[in-house]
Amino acid sequence: MSRTRLLKIERGALLLLVLLYSIVAYAHARLAPLTTGPDELAHYEYVNFIANQGHLPLTTTEREQAAYKSDQPPLYHLITALPAALVDTTGPPYLKRYSDNERRPLIEQTRHAWGLHNTEDEYPPYHGEILRWHIGRWVSILFGAATVVVTYGIAQGIPFLFAARQFKPTLSFSTRQELTQISLALSAAAVVAFVPRFILT
């Protein structure tokens, strides 16, 4: 098998894996009620603060407004806030927070009040705060897909994914050995891609 054909198979298989991951992750993001993910509301509030204020929380008061995830590394939240800031959230639909409800003390007897009432406003087409929330989910899918590709690159043992083949330590390997290496790298990427906790968050 020629090296060119082997490279096409390698790229095609990785592309298929990333596509499968993206489809499953998008289906979950589309169907799962808001706040299904771990600390999802807190991450949303952090993104929401940056999108509205145009900067990271700087004071103790601002950190309280940005919720308890505002002490996390901000790369994801900053990137998500860029498109989220373009969404008009001044009108409905609004998120129905437990904490906004006068009956919050009753809720806290059976369930923590840090959450949402899930309503039909969450159905597409998305608008307002609901759209801003889903932008966060879509950015998470892109981060996840990038993680799958990076995992593959690390497993391949090359400095730059899809770089010139002379950088590969397996340049003198046989086709069988290269196929084995590709299979192992794809397996590593697949394990990461389809770990339930990873794909559903």
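Taken together, the residues in segment 134-157 that are surrounded by 18 or more Cβ atoms within 10 Å (Cβ to Cβ) and under 11 Å from Ile79 (Cβ atoms) amount to 4.
For Glu10, are the conditions met, namely being among the acidic types (Asp, Glu) and in contact with a helix residue (DSSP H, G or I) (Cβ under 8 Å, 6 or more places away or on another chain)? For Glu10, the condition - among the acidic types (Asp, Glu) and in contact with a helix residue (DSSP H, G or I) (Cβ under 8 Å, 6 or more places away or on another chain) - is met.
Against the conditions (1) at pLDDT 95 or above; (2) surrounded by fewer than 19 Cβ atoms within 10 Å (Cβ to Cβ), Leu7 satisfies every one except (1). Pairs linking a residue in segment 65-79 that is at positive phi to a residue that is acidic (Asp, Glu), with Cβ atoms under 9 Å and 6 or more positions apart or on different chains, are Ala67/Asp39; Ala67/Glu45.
Residue-level check: of (1) crowded, with 16+ Cβ neighbours inside 10 Å; (2) at pLDDT 80 or above; (3) of a type outside the set (Lys, Arg), Pro125 misses just (1).
Among the residues of segment 61-97, those that are surrounded by fewer than 15 Cβ atoms within 10 Å (Cβ to Cβ), at pLDDT 90 or above and more than 21 Å from the chain's Cα centre (by Cα) comprise Thr61, Glu62, Asp88.
The values are calculated or read from the model by the stated rules, or taken from the named source; none is laboratory data. On a predicted model such as this, the values are computed, not experimentally measured, just so you know. Because the Cβ atoms are built from the backbone with ideal geometry, glycine has one as well, and the counts that use them run over all protein chains shown.
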